[in-house]
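**Student:** Handing you this structure, nothing more for now.
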Amino acid sequence: MTAEPSTPDSRVRQAGYGLSAAAAVSILFLLAPSNDAVRLIQIGAVAAVILLILAVLGALSARTGKAALYLATGLLALAAAVLQLIQFGRDTNWIGGNGSTVAWLAGLGIGFAALWYVSHSARRSD
Amino acid sequence: MSTDHVTASPPREAAEELDQGRGGRIGLALLRIAIGLLWIQNSGWKSPPDFGQESETGLFKFTTYAVDYPVFPPFSWLIENVVLPNFTVFGYLTLLVEVGLGAFLVVGLATRFWALVGIGQSLAITLSVVNAPDEFPWTYYLMIVAHIVILTTAAGRTFGLDGLLRPRWRQSPSRVSRLMLRAS
């Protein structure tokens, strides 16, 4: 049996699943003790829900290969990152995170947006 | 006296190829992601709006180390006369740079550019704190070296978005695509 060759589509799909898995695994930081050695990212209850939604949407995007779904997932993550950036360190902090939460959500948002770009440009050139 | 003899230089030994197998590529991706996580965690304690200025803690405390325990006098002068009087602006800039470093290095997008930014930021941190009490200088030297490795190996091309996007950018004649090819 020979391995299936890696196509641009399958690589985008793998990256989509990878980012979704990263979002899902990072929810575990909710349970991490609050010391610097373990808690790399500050995740509160609201952030955990957002990450769960991102993980599900991201996995759906990868499964269906729909460019618009990648874009929606990326925009949701980026919107959450901007909201967190505006609010953290202040009295009102809906997501309950800090700068590390901003960076993590921004990374996921950039990642999914990049996958939208690849899928979208591949469709246009077909 | 005859001068027509030609002295041929001895053949250079071909450089050994680096290991570009799966293990090597996974190792580079791990390094990039770990350094990305380092910056993500680091951006966690840069707290707006005053970044520790009033309580003399956090980013403010570490920035004043550059003046209290100088490493490079011109850098200390810059901190004392430019950065500290405009600390809120500097705090937000630091936060945004470190958020960018974390976000982009973790996913491996524009990795060479961000590795260059990481070298600059690590150098600034080194010049601020390396002479302060209880600091371990090699922490900062290793941070600089890790970014140099990420820069020189273009580590975003392995298990990163750069690897996925570079073929697209190569096909496009736009200026942004050419810029991204250089940055990745």
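The values are calculated or read from the model by the stated rules, or taken from the named source; none is laboratory data. All values reported here derive from a predicted model rather than from experimental measurement. FYI the Cβ positions are ideal-geometry reconstructions off the backbone, even for glycines, and counts take in every protein chain you see.
**Student:** Among what's in the range B:46-61 and is surrounded by fewer than 18 Cβ atoms within 10 Å (Cβ to Cβ) and part of a helix (DSSP H, G or I), pick the residue that is nearest to the other protein chains (Cβ to nearest Cβ).
**Tutor:** Per the stated criteria, the residue is B:Gly58.
**Student:** Would the range B:165-182 turn up any residue that is farther than 26 Å from A:Leu108 by Cα and among the aromatic types (Phe, Trp, Tyr)?
**Tutor:** no
**Student:** If A:Leu40 satisfies every condition in (1) under 22 Å from B:Gly108 (Cβ atoms); (2) in a helix (DSSP H, G or I) but one, which is the exception?
**Tutor:** (2)
**Student:** Related question: Kindly indicate whether any position in the range B:19-31 is in a loop (DSSP other than H, G, I, E, B), closer than 30 Å to B:Ile150 by Cβ, at pLDDT 95 or above and β-branched (Val, Ile, Thr).
**Tutor:** no
**Student:** Return yes or no: is B:Phe90 in a helix (DSSP H, G or I), in contact (Cβ under 8 Å) with a residue 40 or more places away in the chain and more than 13 Å from chain A (Cβ to nearest Cβ)?
**Tutor:** No; evaluated as a whole, the condition is false for this residue.
**Student:** Looking at B:Leu105, B:Leu109, B:Leu101, can you tell me which residue is within 12 Å of chain A (Cβ to nearest Cβ), part of a loop (DSSP other than H, G, I, E, B) and touching a residue at least 60 places away in the same chain (Cβ under 8 Å)?
**Tutor:** After ruling out the rest, the residue left standing is B:Leu109.
**Student:** Being buried (at least 24 other Cβ atoms within 10 Å of the Cβ), more than 14 Å from B:Phe104 (Cα to Cα) and facing another protein chain (nearest Cβ under 9 Å) narrows it down to one residue among A:Gly99, A:Gly107, A:Gly111; which is it?
**Tutor:** A:Gly99
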